[in-house]
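A short write-up of the structure that comes next.
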Amino acid sequence: FRAPNVDDMSKFGTLEANVFEIPSAELSPERSINIESGLKCNSSIVSATFVAYQTKLFDLIDRIPTTYEGSDTFEGRKVYQKQNVGDAVIKGIEADVEATIIQSFTVFGNLTYTYGENITKQEPMRRIPPLFGKTGFRYNHSSGVWLKGECAMAGKQDRLAAGDKSDVRIKIRLVDEVMPAWDVINVFAGYSYKSFRVQVYGQNLLNTAYRIYASGVDCYGRSS
């Protein structure tokens, strides 16, 4: 189970541009049943992991519209309160691999997919990220010089809960009610000798405008 935390029970104030939340003193713990299965491979050349899981949630804590002092708005914002409102299921897969192609040259990658469904509301769960992952390479030379390149990506997310669509951090990024996909290229290089180290990097070389899903903060543009 997951007991309600202080934030769940005592939040009082503005959460987002259009949300005012009031305390929820009567919350009960969320309960869950989890099933997980996986494979792991580890050799001198390849290291890989694959995991699949499913979690069933009961007495899900979620934010729902309510009233405060007889009104469903406060200071121009809709009033919400956390309550135990139903059941949900989350399932997904996680994969990770690293392989040595030739001596000192390694490629790597990881991928995560999550599916969440609010069974009671018959809609997607809030803030479920889209398919995302990373792939790249590392090169280490015996002289102390090293190089790393990576491409991070996230697919589009079109399974949005009503709460996602009303969340200003998400809705301002939607295009035709879909969170667009993005990809970012980063490169790093450096040199190490005894206690001396120097590193240079270039992040987001394509200068992509993006956010991690459900974050209210824009990530770095092109930088070095």
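Between Val175, Val187, Val198, the Cα set farthest toward the positive side of the dipole of segment 147-224 (charges on each charged residue's Cβ, about the Cα centre) is that of Val198. Once a ≥ b ≥ c are taken as the square roots of the eigenvalues of the Cα gyration tensor of segment 134-211, is the result rounded (a/c under 1.5), prolate (a/b larger than b/c) or oblate (a/b not larger than b/c)? Because a/c hits 1.5 or more and a/b exceeds b/c, segment 134-211 counts as prolate.
What you get for the chain, charging only the Cβ of Lys and Arg (+1) and of Asp and Glu (-1), is a dipole of about 840 debye around the Cα centre. Label-to-label distance for Asn140 and Glu75 is 5.3 nm, based on points extended 7 Å past Cα in the beta-carbon direction. Taking 0.36 nm per residue of separation and subtracting the Cα-Cα distance, full extension of the segment from Ser43 to Tyr113 would add 22.6 nm.
With a Förster radius of 25 Å applied to the C-beta separation of Thr120 and Ala181, the computed FRET efficiency comes to 0.25.
Share of carbon and sulfur in the accessible area of segment 103-224 stands at 56%, probe radius 1.4 Å. From its DSSP helices (H runs of at least four residues, each -39,500 (n - 2.57)), the chain gives a residue-normalised ellipticity at 222 nm of -1000 deg cm²/dmol. For the chain, the solvent-accessible area works out to 60 Å² per residue, with a probe of 1.4 Å and every protein chain left in place.
FRET efficiency for the Phe1 to Glu98 pair, using the beta carbon distance and R₀ = 45 Å, is estimated at 0.80. Could you check the simple spin-label distance between Thr208 and Thr67, using points 7 Å along Cα→Cβ, in nm with one decimal? Taking the simple label geometry, Thr208 and Thr67 are separated by 4.8 nm.
Among Ser166, Gly116, Cys151, whose Cα sits farthest toward the positive end of the charge dipole of segment 13-171 (+1 at Cβ of Lys/Arg, -1 at Cβ of Asp/Glu, about the Cα centre)? Final value for the positive-end residue is Cys151. Here segment 37-156 is treated with +1 on each Lys and Arg Cβ and -1 on each Asp and Glu Cβ, and its dipole about the Cα centre works out to around 240 debye.
In this structure, Met9 and Lys194 have a Cβ-Cβ separation that, at R0 = 41 Å, corresponds to a calculated FRET efficiency of about 0.15.
The values are calculated or read from the model by the stated rules, or taken from the named source; none is laboratory data. All values derive from a computational prediction rather than experimental measurement. Cβ sites come from the backbone with ideal geometry, for glycine too, and all protein chains shown count toward neighbours. We work out accessible area using only protein heavy atoms, side chains counted, and drop any ligands, DNA or RNA first. Shrake-Rupley method; radii C 1.70, N 1.55, O 1.52, S 1.80 Å.
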